[in-house]
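The values are calculated or read from the model by the stated rules, or taken from the named source; none is laboratory data. Keep in mind the model is a prediction, meaning the values are calculated, not measured. Every residue, glycine as well, gets a Cβ built from its backbone with ideal geometry; the counts of neighbours run over all protein chains shown.
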Amino acid sequence: MIDPRILRTAPERLRESQLRRGLPEGTVIELEKLDAEHREALHKYEELRSQQKRLSKDIGKLKGRIKKSGSKERPVLEQESESLLASAGELAEAVKVAEQRADRLGAEVEDAWLTIDNLVDPQAPVGDEDAFRVITEVGTPRDFGAEGFTPLDHLQLGEAIGAIDVERAAKVSGSRFYYLVGDGALLELALLNLAMNLAHKNGLRPVLPPALVKPAAMAGTGFLGQAAENVYHLADDDMYLVGTAEVPLASMHADEILDRSALPLRYVGYSPCFRREAGSHGKDTRGIIRVHQFDKVEMFTFCEPEEAEREHSKLLGWEREFMDRLELPYRVIDVATGDLGASAARKFDIEAWIPTQGRYREVTSTSNCTTFQSRRLAIRYRDEEGRVAPVATLNGTLVAMPRVIVALLENHQTADGRVAIPKALRPFLSDRAYLTPLQQQ
């Protein structure tokens, strides 16, 4: 949610932000209208309640006078009392109607706010997903032709070394699932250990969060809006399977006032992730690039809003440090406004080079969500003047397992079918230098 004061003092900022995202500004215009009606309804309700309180006091005073009155004055006072009581009954009904209208409009305003995405950062490039800005490129993609062989794709390599099994996964669970077996499982665990060690070294607190959350957690982090179609909902329990550890990490401090001296609070969580992949029919159907279930290591930060931009750079720096240790060619992009999630004001992606596709593919990302999520989740801190204010939240994927495994297998393959293991991962893989095909084991 965005600071409501912006809607009332500078609604053009909201309209412009929506347009920069490629979304209709009509949602903001409707919200303005509802907010004005709600405030008017609240004002009317408060006026009627004030009248009701004054009338109640008048009736009380009149009852006191009646008790003390003589036989001649009492009939007049009693008649006046009956008239006031009748007015009180009519006023009570008016108050009830006004309260119901204010409550109804209040609920409509809350629902309307949920349709408004976070204000985009003015520095983010404007346009659709192809309008991104390349910040830097690291490493040079290999020229396999010059090396004298045609590279295999990750599934061919994974099956050859006994690491990936999609056929049996399809038998058990359907399409877009996979088994990591043998060296495949060990490779994920090696990546997990490297990522967690790196994050812990950089001061992030490790967390193993729940993968099932209540609706408030999913809505509070912004995943029940445009992203709702990709969320798995367990209707009988009214619970959601998370698509990222961002959801439980963000929500763990919901309804809390954080100690300013403890900020920034930095966590790193490892969890399974579940995504319906709605709308991706026919895309990346081969292998494990786009799947319904995978594991991910996610960083999450709570900080003062003034520090959010600096914190965003730190998260990106830690992601790059991890990618550098994997010895992969990659680029960093500033994601365009039309490709931002609802909560993100700005987002950087790291894309690894995938040789058999001849292009870069996203493997990690980091988003600055400013105070959008914390306002929804009521996560606050006391500022220097002692006032309670929302914190900023940021997230960053350190490693999304299947995508990184794809990049590792394809970029580090050799002409004889082996896969070289980056030096940083070898301590977690019995100090081996290569993953070898089953027939060579």
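List of remarks:
- Selected residue (only one of 331, 426, 325, 418 is closer than 23 Å to residue 183 by Cα, surrounded by fewer than 23 Cβ atoms within 10 Å (Cβ to Cβ), among the charged types (D, E, K, R) and touching a Phe, Trp or Tyr at 6+ places or on another chain (Cβ under 6 Å)): 418
- Considering residues of the range 223-259 that are touching a helix residue (DSSP H, G or I) at 6+ places or on another chain (Cβ under 8 Å) and closer than 18 Å to residue 303 by Cβ only, the residue surrounded by the fewest Cβ atoms within 10 Å (Cβ to Cβ): 254
- Of the criteria (1) more than 25 Å from residue 409 (Cβ to Cβ); (2) without any contact (Cβ under 8 Å) to a residue 12 or more places away in the chain, which one residue 338 fails: (2)
- Tally, over the range 368-396, of residues that are out of contact with any Ser or Thr (no Cβ under 7 Å at 6 or more places or on another chain), of a type outside the set (D, E, K, R) and on the phi < 0 side of the Ramachandran plot: 6
- Inspection of the range 301-316 finds no residue satisfying the criterion of being crowded, with 24+ Cβ neighbours inside 10 Å and among the charged types (D, E, K, R).
- Verdict on residue 254 being without any contact (Cβ under 8 Å) to a residue 12 or more places away in the chain and in the same structural domain as residue 396 (by TED's automatic domain parsing): no
- Residue in the range 381-399 that is surrounded by the fewest Cβ atoms within 10 Å (Cβ to Cβ), counting only those that are of a type in the set (A, V, I, L, M) and out of contact with any Asp or Glu (no Cβ under 8 Å at 6 or more places or on another chain): 388
- Conditions (1) loosely packed, with under 14 Cβ neighbours inside 10 Å; (2) assigned to a helix (DSSP H, G or I); (3) of a type outside the set (A, V, I, L, M); number of the one not met by residue 203: (2)
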